[in-house]
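Asks: Can you keep this structure in mind? I'll have questions shortly.
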Number of protein chains: 2
Amino acid sequence: MTVVDSARAARNASFLLAALPREAKDRSLASMAAALRTRSAEVDAANMRDLQRAREQGVAEPLVKRLAFSGNKIEQSAVGVESVAALEDPTGRTLSARELDEKLELLQVTVPLGVIGMVFESRPDALVQISALCLKSGNAVLLKGGTEAAETNRVLFDIIVGATVQAGMPEGWIALLESRDDVRAMLALPDSIDLIIPRGSNEFVRFIMDNTSIPVLGHADGVCHVYIDRSADLQQAVAIARDSKTQYVAVCNAAETLLVHADVAEAFLPQLAAAVPEVVLRGCERTCAIVARAQPAQQSDWTAEYLDLVLAVKVVDGFDEAVTHINRFGSHHTDAIVTADRADAERFMARVDSANVMWNCSTRFADGYRYGLGAEVGIATGKIHARGPVGLDGLVIYQWRLYGNGQVVADYTGPDARGFTHRRLR
Amino acid sequence: MTVVDSARAARNASFLLAALPREAKDRSLASMAAALRTRSAEVDAANMRDLQRAREQGVAEPLVKRLAFSGNKIEQSAVGVESVAALEDPTGRTLSARELDEKLELLQVTVPLGVIGMVFESRPDALVQISALCLKSGNAVLLKGGTEAAETNRVLFDIIVGATVQAGMPEGWIALLESRDDVRAMLALPDSIDLIIPRGSNEFVRFIMDNTSIPVLGHADGVCHVYIDRSADLQQAVAIARDSKTQYVAVCNAAETLLVHADVAEAFLPQLAAAVPEVVLRGCERTCAIVARAQPAQQSDWTAEYLDLVLAVKVVDGFDEAVTHINRFGSHHTDAIVTADRADAERFMARVDSANVMWNCSTRFADGYRYGLGAEVGIATGKIHARGPVGLDGLVIYQWRLYGNGQVVADYTGPDARGFTHRRLR
């Protein structure tokens, strides 16, 4: 089946999925979880073949480890599917209800987006999780997993299709793409695919964004800042800066640049330097004058996403310079201010154009699970549809449903026009 | 100033706009309305020059009439600006509030999108209305109006800039583009423009959509359907079909195709034909066998947006065929079912993939003013961000604001991890 055929089948399936009640979708998810357990030996065997091939091809051992998917990981994955079943159904929610006139009522109701294109690298558990989230939200999905996990993905896909179609899901609701050419073909189908969600490296996401006119939910860069304001509690500031930088360096919500108000730079920077001895500091001139071990920063440091134990540090003359720096050099992902002044914090949050803004806490909190979203579909730094950590709500849109009783617009126009009541219901 | 410079200035202004309180924005809108009245003679004079040039260039008289903007129209426009000021501020609304832990509170707050690109044809009042809506929602805007109204637009722009900047709006928050080359330049600035809203003909909107990777809020086609189900009240069905087709034919929410259940076709179609003698009917074979004056429909009639007194008519064997036809040939704009069976109506609404779905009322109700949205930014047929008639809410997105007290993620990980409370607030 070509990608165009798969997309068409997914579109047709999506019309049926949209009308399914929660119970039918949850039953399919339960069936999916059960099948993962029943057929775990098959998954195990396929994964062994993927691992062996990866080692033969000289893939680095940490990457090989990320491919591993057996025993306990399969069980965890099945539990994950069950927890998706337990979440609220994001569709069928009434966002607003308005009486336009007597017996003419308008509901704004959440509905699935339709067909999602998911493209992700390596980890096979992503395939299971993403399938579950799409099914729960009533969306059809075209999936492309990492080539290194091809055999594991194929078996997982077979398990998911078998279990869900048997449980009543429409055929074609999920399709597996296998090659880069398939992905390219999908990116060229704006009429068939409603949203692309890429997960992977910056370069990978950037490639997707630059090569499709289909809306993309994701983020390429994470250049996050911590700004230490004049009135900051310096002990708290050190703890927050350290956590934002070092708690886990390889992720998009880790801080890459530290901004410090000039009035507290001499007091704060030596404490910070002592608290993160493992971190390479790339400082502006004033920083280097205060911290001996800081290396001079280049212009490129202000836009660098190190994803490593490196931190750019700049002394700023005040609040405005800090905000301007963040809006100019940041990636609109997550930025924090440390200050004792609530009004300054509010001004910072209102003026910093980022998906997540933090006051007196670590940038590392910007995450769907920590936010309590139940499940994370991805993190978005665009301004349209969904922003920051995106939960199941990011996979739905709304439809206007008008319930009438024979009304026609002619009666509401002209000199003897009936008026609208426009009364909010509920 | 180049378009790139204007876009950069607008981006910088947008950071300041985002932090303005409602009062400051409403004061600027009041100032804008007052200046329109004070300087109406200038607008009048400029508009006379535009009208004269249009007539000299042989522009058709109905189009010249649409260009006219003087006296009463200027006053109406000023009143329109005042009514935008009276609307609720769409920014600063708390969509959700959640305690993650003691003194660690997460708010999801609406904020402006940032920089809007508005491109519209002819009518000068659109420039005033769009500027007011952007200002109200805290967005900077790059505007391109119709070339025929160039002089009027220039004076209106001068009035708006003067009045709003004097009232405290940041310089550069609004810019006027003058040429098609300017528009092309804007379409190539995805990092500077957050959303494009085109208003105009199908071809015009399609051109914009096909030539930018910036998200576009709009609709190219309006191929709307009315489906008469087996159990429909036929008198009601005639009234709804007539209104949907004839009440105003030149608009996107007018019906273009009528679908009729085979069981009622012989009873219904002659009544319909008698009720719309002015409408040319293009029927399927079964329709033509029932209605003598129907012309045979071609395949292209099922996707035609006539915007005229023409209606395609097809007899279908049942509900499923009707839904499949609409999803396949429609434009996902507005589709109606006439039926006495509420369950069928609900199934229709759930399975028809359109922005607006109607039960027992005219498709012509699909409109921001009739829906009571207060103001209409546009009508969208995409699936992302906003759908159907879009009010001021379509010009905002949200930001996650996390209010902490020194918390770091390290305390919430590992064997002695603190747990999250994830308690819904308010």
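The values are calculated or read from the model by the stated rules, or taken from the named source; none is laboratory data. Just so it is clear, the model here is predicted, and its values are computed rather than measured. Glycine also receives a Cβ, built like all others from the backbone with ideal geometry; neighbour counts cover every protein chain displayed. For accessibility, only protein heavy atoms count, side chains too; no ligands or nucleic acids. Shrake-Rupley method; radii C 1.70, N 1.55, O 1.52, S 1.80 Å.
Asks: Condition (residue is within 13 Å of another protein chain (Cβ to nearest Cβ) and in a loop (DSSP other than H, G, I, E, B)) applied to segment B:312-330: is it met by at least one residue?
Replies: yes
Asks: Would it be correct to say that B:D243 is acidic (D, E) and within 14 Å of chain A (Cβ to nearest Cβ)?
Replies: yes
Asks: Taking only pairs six or more apart or across chains, which ones have beta-carbon atoms under 6 Å, a first residue in segment B:93-107 that is within 14 Å of A:W359 (Cα to Cα), and a second residue that is of a type in the set (D, E) and assigned to a strand (DSSP E or B)?
Replies: Listed by first residue and then by second, the contacts come to B:E105/B:E99.
Asks: Shifting gears a bit: Could you grab me the full set of residues in segment B:186-229 that are part of a loop (DSSP other than H, G, I, E, B), acidic (D, E) and open to solvent by 10 Å² or more (accessible area, probe 1.4 Å)?
Replies: B:D191, B:D194, B:D221
Asks: Next up: Among the listed residues B:A60, B:A10, which satisfies the condition of being of a type outside the set (K, R) and within 14 Å of chain A (Cβ to nearest Cβ)?
Replies: Among B:A60, B:A10, only B:A10 is of a type outside the set (K, R) and within 14 Å of chain A (Cβ to nearest Cβ).
Asks: I'd like to verify a number: residues in segment A:406-426 that are away from every other protein chain (no Cβ under 11 Å) and either open to solvent by 70 Å² or more (accessible area, probe 1.4 Å) or part of a strand (DSSP E or B) (or both), how many?
Replies: Number satisfying all stated conditions: 4.
Asks: Just for strands (runs of 3 or more DSSP E) wholly inside segment A:98-147: which have at least 1 residues that are surrounded by fewer than 20 Cβ atoms within 10 Å (Cβ to Cβ)?
Replies: A:104-112
Asks: Then there is this: Keeping to segment A:275-307, report how many residues are assigned to a loop (DSSP other than H, G, I, E, B) and either surrounded by 15 or more Cβ atoms within 10 Å (Cβ to Cβ) or at pLDDT below 95 (or both).
Replies: Matching residues across segment A:275-307 total 10.
Asks: Could you identify the single residue in A:G162, A:G168 that is open to solvent by 10 Å² or more (accessible area, probe 1.4 Å), part of a helix (DSSP H, G or I) and at pLDDT 95 or above?
Replies: On inspection, the qualifying residue turns out to be A:G162.
Asks: Inspect segment A:314-327 for any residue being closer than 16 Å to A:A255 by Cα, open to solvent by 30 Å² or more (accessible area, probe 1.4 Å) and in the same structural domain as A:R230 (by TED's automatic domain parsing) and give the result as yes or no.
Replies: yes
Asks: Looking at segment B:368-383 only, could you name the residues that are charged (D, E, K, R) and modelled with pLDDT of 95 or more?
Replies: Passing the criteria: only B:R370.
Asks: Check segment B:28-44 and report whether any residue there is over 30 Å from A:E346 (Cβ atoms) and not in a helix (DSSP H, G or I).
Replies: Yes, because at least one residue in segment B:28-44 is over 30 Å from A:E346 (Cβ atoms) and not in a helix (DSSP H, G or I).
Asks: Of everything in segment B:391-405 that's more than 19 Å from B:N253 (Cα to Cα) and more than 7 Å from chain A (Cβ to nearest Cβ), which residue is surrounded by the fewest Cβ atoms within 10 Å (Cβ to Cβ)?
Replies: Checked segment B:391-405; the qualifying residue surrounded by the fewest Cβ atoms within 10 Å (Cβ to Cβ) is B:D393.
Asks: How about segment A:336-390: which strands (runs of 3 or more DSSP E) wholly inside it have at least 2 residues that are within 20 Å of B:N405 (Cα to Cα), touching a residue at least 24 places away in the same chain (Cβ under 8 Å) and at the interface with chain B (Cβ under 7 Å from one of its Cβ atoms)?
Replies: A:356-361
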